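Peer 1: Quick one: the structure is below, and I'll ask about it shortly.
Just so you know, all these numbers are worked out from the coordinates, no wet-lab data involved. Bear in mind that the values here come from a model prediction, so they are computed numbers and not experimental data. So basically every Cβ, Gly included, is an ideal-geometry build from the backbone, and we count neighbours across all protein chains shown.
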Amino acid sequence: MGHLLGIDAGTTSLKAGVFDADGTTLAVAGEEYRLLTPAADRAEIDPDRYWQALVHAAARAIELAGVRSADIDAIAVSSQGETVTAVAADGAPLGPAIVWLDNRARAEADELARRFDATAVYAATGVPDVNPTWTASKLLWLKRHEPERFADAARFLLVEDLLLHRLTGRFVTEGGVQCTTLLYDIRTHRWWEPMLDVLGLDPGRLPEIAAPGEVVGTLRPEAAEALGLRRDVRVVAAGMDQGAGAVGVGNVAPGVMSESTGGALTLQATVGRPDGDRTRQTPVYVHSAPGRYLYCPVCPTGGMALTWFRDRFGDAEVSRAAAEDRSAYDLLTDLAATVPPGSEGLTMLPHLMGAFSPEYEPRARGVWFGFTLAHGKPHFVRAILEAVAYMLRRNLEMLADAGATADEVHSHGGGARSDLWCRIKADVVGMPVVTLEGDDAAIRGGAMLAGVATGAFADLEEACAAMVTPRSRYLPDPVAQAIYEIGYRRYRELFDALRPAFAGFGPDGA
């Protein structure tokens, strides 16, 4: 058995990782891409950027790993969900991808919510609310506002589907990435016909359905040439980044809880069945672990709030980081570490692209509250870190109400690289936060699934034993906990007080 290549296409970057047959991480490389935001409620990207980023990141990871391209035996691909691209019969994009963060389809979501009983929607799809995030809403918008593109499209593909097609030539998907589209029945693992009927969408305009973790083909000649790999390299569908990331941190059985702070903040709790939450509040995903499901609350802007701050107000840190070969994020969190817990009364609501879980309010906005002449850049950075931790606690409380509890939280994503952020999370949620060796859980999870699919591991349990290793354990500090109880209460009260004002924002942001 040779080496495994894990690919994860996130919201703002794609990462590639090379692993040996024993599961050891040899190298990780990534490439960022910027979203286009032509209006307050829109987020788009050139779909070809995903493929370009894959080619560049994979080549860099293989180079850093010091292995021969000929030694790569399998590639696993995971991605963000909901982001949709209309493509021609040959897979060529017919326009920009509508990114999952995009909220333009509010009217269409409202219409779908009126047409479908919420209980039936949740039972079939695991989605608690019909909102503009979901792919079905975006497709209805496309049909109404760009009817030529809708009519001309041979297929509608998510990001994982796009990359699997570029790699294998096959239009194929799986339930792990499709489960939040409102197009997919998580009980039967087939397309949800009632929604397709409303959209006027024939199943033939969607990809074939495979199973998470399945080998879906080998490299087509063009892909093999672009990547410099053998044509017989097997390609594995690894699912949505949340499911692959849960696999990558060993969250493959009930009783384990994980969180990911990447562009978004998401939580993952493995469950054995899709209908366990009688409150119908918790999103239910198809797990990348075969036969499992995930409770998976999502908050649209988690780490992206810190990225926004870096891009708008962090020029000094970006320049210094380039000169010192460091991360601008590390320099910003170094500033935040100079401020005591609670940011001396400064509170942030990090809803830069609306609020989703557990309070669904797509018109919510980011808020800074309580700042004075005494507050400076370090306070604002720390307030962002604390705001994401408060969102984490809100969602852990919702999961507990749904019956999913744990004694510790496994943390992954870019936020897990920050000791300060992990300490803040532990203090806010009041339980240990555990990080793992290797920061990029989704690409590791994809490699684990590829290893099982190609015989390197007998099953996921063996893969977890080989590839999931704890790195650090952050315990709550009682003094900080007491301060954060006050901050958390203020955070909740602030959202509740401003919710009527948020509802007054129009779809154009005015």
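Peer 1: Can you tell me how segment 194-283 classifies by the Cα gyration tensor, rounded, prolate or oblate, using a/c under 1.5 as the rounded cut?
Peer 2: Oblate is the answer for segment 194-283, as a/c is 1.5 or above yet b/c matches or exceeds a/b.
Peer 1: Work out Dmax and Rg for segment 445-493 from the C-alpha atoms and quote the Rg first, both in angstrom.
Peer 2: 19.8, 52
Peer 1: Now, a different point. What list of ³J(HN,Hα) values in whole Hz, one per residue of segment 93-103 in order, does the Karplus curve 6.51 cos²θ - 1.76 cosθ + 1.60 (θ = phi - 60°) give from phi, with Gly and Pro shown as x?
Peer 2: Running phi through 6.51 cos²θ - 1.76 cosθ + 1.60 with θ = phi - 60° gives x, 9, x, x, 6, 8, 6, 4, 5, 5, 10 Hz.
Peer 1: More than 40 angstrom separation, counting every C-alpha pair in the chain; what % is that?
Peer 2: On the way: 21039 of 129795 pairs.
Summing the P(r) of the chain above 40 Å gives 16 percent of all pairs.
Peer 1: Taking the Cα centre of segment 355-446 as origin, work out the dipole magnitude from +1 charges on Lys and Arg Cβ and -1 charges on Asp and Glu Cβ, in debye rounded to 20.
Peer 2: 440
Peer 1: Kindly state, to the nearest 0.05, the FRET efficiency for Ala27 paired with Thr338, given R0 = 22 Å and r defined as their beta-carbon distance.
Peer 2: Calculated value: 0.05.
Peer 1: Show me 127-140, 48-61 ranked by packing, highest mean number of other Cβ atoms within 10 Å first.
Peer 2: Put in order of decreasing packing, that is 127-140, 48-61.
Peer 1: Related question: Using the alpha-carbon centroid of each, what span in Å lies between segment 300-332 and segment 208-287?
Peer 2: Cα centres, segment 300-332 to segment 208-287: 29 Å.
Peer 1: Highest first, please rank the peptides 219-232, 438-451 by the mean number of other Cβ atoms sitting within 10 Å of their residues.
Peer 2: Result, highest mean Cβ count within 10 Å first: 438-451, 219-232.
Peer 1: Determine the gain in length on full extension of the stretch Phe313-Ala92; use 0.36 nm per residue of separation and subtract their C-alpha separation, reporting nm with one decimal.
Peer 2: Details: separation 221, 0.36 × 221 = 79.56 nm, distance 3.75 nm.
75.8 nm is the gain from fully extending Phe313 to Ala92.
Peer 1: Taking the Cα centroid of segment 374-452 and of segment 131-198, what is the distance between the two, rounded to the nearest whole Å?
Peer 2: So the two Cα centres are separated by 30 Å.
Peer 1: Looking at the calculated P(r) for segment 1-158, what percent of the C-alpha pair distances fall above 30 Å?
Peer 2: Of all Cα-Cα distances in segment 1-158, 30 percent exceed 30 Å.
Peer 1: Mind checking the dipole of segment 88-200: about its Cα centre, +1 per Lys or Arg Cβ, -1 per Asp or Glu Cβ, Debye to the nearest 20?
Peer 2: 60
Peer 1: If amide hydrogens are placed 1.01 Å from N in the peptide plane, which non-local residues have theirs closer than 5 Å to the one on Phe356?
Peer 2: Glu361
Peer 1: Using a simple charge model, +1 on the beta-carbon of Lys and Arg, -1 on the beta-carbon of Asp and Glu, nothing else, what dipole does segment 299-380 show about its Cα centre, in debye to the nearest 20?
Peer 2: Values: 7 positive and 10 negative charges, 49 e Å.
That gives segment 299-380 a dipole magnitude of about 240 debye.
Peer 1: Let a ≥ b ≥ c be the square roots of the eigenvalues of the Cα gyration tensor of segment 250-372; is it rounded (a/c under 1.5), or, if not, prolate (a/b larger than b/c) or oblate?
Peer 2: Working: a/c = 2.62, a/b = 1.76, b/c = 1.49.
Cα axes put segment 250-372 in the prolate bin.
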